[in-house]
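The values are calculated or read from the model by the stated rules, or taken from the named source; none is laboratory data. Since the structure is predicted, the reported quantities are computational estimates derived from the model, not experimental observations. Don't worry about glycine lacking a Cβ; one is built from the backbone with ideal geometry, like all the others, and counts go over all protein chains shown. Only protein heavy atoms, including side chains, enter the accessible area calculation; ligands, DNA and RNA are left aside. Shrake-Rupley method; radii C 1.70, N 1.55, O 1.52, S 1.80 Å.
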Amino acid sequence: MFQPRSIKHCKLCGGAAVYAVPSDDNRERATCTVCATIHYENPINVVGTVPAWADQVLLCRRNIEPRHGFWTLPAGFLEMGESTAEGAVRETVEEAGAHIELQDLFTVLNVVRVGQLHLYYRARLLDTEFDPGPETIEARLFTEDQIPWEELAFRTVRETLKRYFEDRRQGRFGVHTADIG
Ligand SMILES: [Zn+2]
């Protein structure tokens, strides 16, 4: 959950921060009472993939909180210094040990409530050898009717998978934007 007014201390000098509207701004920002640094807060980017092998999609069972034991598409926080595509590939390697060829952007999902933007790319699996990392209990392929819909970790994963199989039936993949409540 996005926590308003969560910054208590300056990231630079450790001084106390207060929320106030800077003179040239229109919303409250955490502002250091010592060095006057303004700490801007913006949504976090989450990047991931829909790795596909024929009519199957690769899911990972989470070995970490939140949603330990639930199934997810490989995804994680975009790091500084990498593009969204690079981040999506990295997360797929880290969480599933899967070998992929990245394809087009598939979903753009706003999760305003928690201050996150999720971007999923389609990806083609190059083989079915997986080597899950420590964040994953198990990685395996599912056809549409095998997907554990009630045991998916996040709504963004559910929405992405739903649209993926719909598009696959149509024989044409688009880019889908949605707001997740
Ligand atoms: Zn400061």
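Once the Cα atoms are used to define both axes, helix 155-170 deviates from the longest principal axis of the chain by about 40 degrees. From the Cα gyration tensor of region 10-126, with a ≥ b ≥ c the square roots of its eigenvalues, which class applies: rounded if a/c is under 1.5, or else prolate if a/b is larger than b/c, or else oblate? Prolate.
For helix 84-96, what angle does its Cα long axis make with the longest principal axis of the chain, in degrees from 0 to 90 and rounded to 10? Between the helix axis and the principal axis of the chain, the angle is about 60 degrees. Farthest toward the positive end of the dipole of the chain, out of A36, T136, V46, is the Cα of A36, where the dipole comes from beta carbon charges about the Cα centre. Karplus-derived 3J(HN,Hα) values for region 37-51, using 6.51 cos²θ - 1.76 cosθ + 1.60 with θ = phi - 60°, are 4, 9, 9, 7, 10, 9, x, 8, 8, 10, 10, x, 9, 10, x Hz; glycine and proline are entered as x.
Each semi-axis of the equivalent ellipsoid for region 86-132 is √(5λ) with λ an eigenvalue of the Cα gyration tensor; in descending order they amount to 24, 12, 7 Å. What a 1.4 Å probe finds exposed on the chain is 50% carbon and sulfur by accessible area, rounded to a whole percent.
Three semi-axes describe the equivalent ellipsoid of region 17-84; taken as square roots of 5 times the Cα gyration tensor eigenvalues and ordered largest first, they are 40, 14, 10 Å.
Here the dipole of region 126-181 is about 380 debye; that uses its Cα centre as origin and unit charges on the Cβ of Lys and Arg (positive) and Asp and Glu (negative).
Of all DSSP beta bridges confined to the chain, the antiparallel ones make up roughly 70%.
Take every pair of alpha-carbon atoms less than 8 Å apart whose residues are at least six positions apart; their mean separation over the length of region 77-181 yields a relative contact order of 30 percent. The heavy atoms of F77 offer some 110 square angstrom of accessible surface to a 1.4 angstrom probe.
In this structure, H39 and H68 have a Cβ-Cβ separation that, at R0 = 25 Å, corresponds to a calculated FRET efficiency of about 0.20. Under a crude label model (7 Å from the Cα following the beta-carbon direction), how far is F77 from V112 in nanometres? Label-label distance for F77 and V112, simple model: 2.4 nm. Taken per residue, the accessible surface of region 52-127 reaches 46 Å², heavy atoms only and a 1.4 Å probe. Were the residues from E129 through T143 laid out at 0.36 nm apart, the gain over their Cα-Cα distance would be 3.3 nm. Using Cβ point charges alone (K and R +1, D and E -1), the dipole size of the chain about the Cα centre works out to roughly 620 debye.
Classify region 63-159 from the C-alpha gyration tensor, please: rounded if a/c falls under 1.5, else prolate or oblate depending on whether a/b exceeds b/c. Note, shape of region 63-159 comes out rounded. Projecting each Cα onto the charge dipole of the chain (Lys/Arg +1, Asp/Glu -1 at the beta carbon, about the Cα centre), which of T84, N110, A16 comes out farthest on the positive side? About the Cα centre, the residue reaching furthest to the positive side is A16. Sequentially through region 110-123, phi angles give Karplus couplings (6.51, -1.76, 1.60; θ = phi - 60°) of 8, 10, 4, 3, 10, x, 9, 10, 9, 10, 10, 9, 6, 8 Hz, Gly and Pro residues having no value and appearing as x. Based on Cα contacts under 8 Å between residues 6+ apart, region 1-117 shows a relative contact order of 21 percent.
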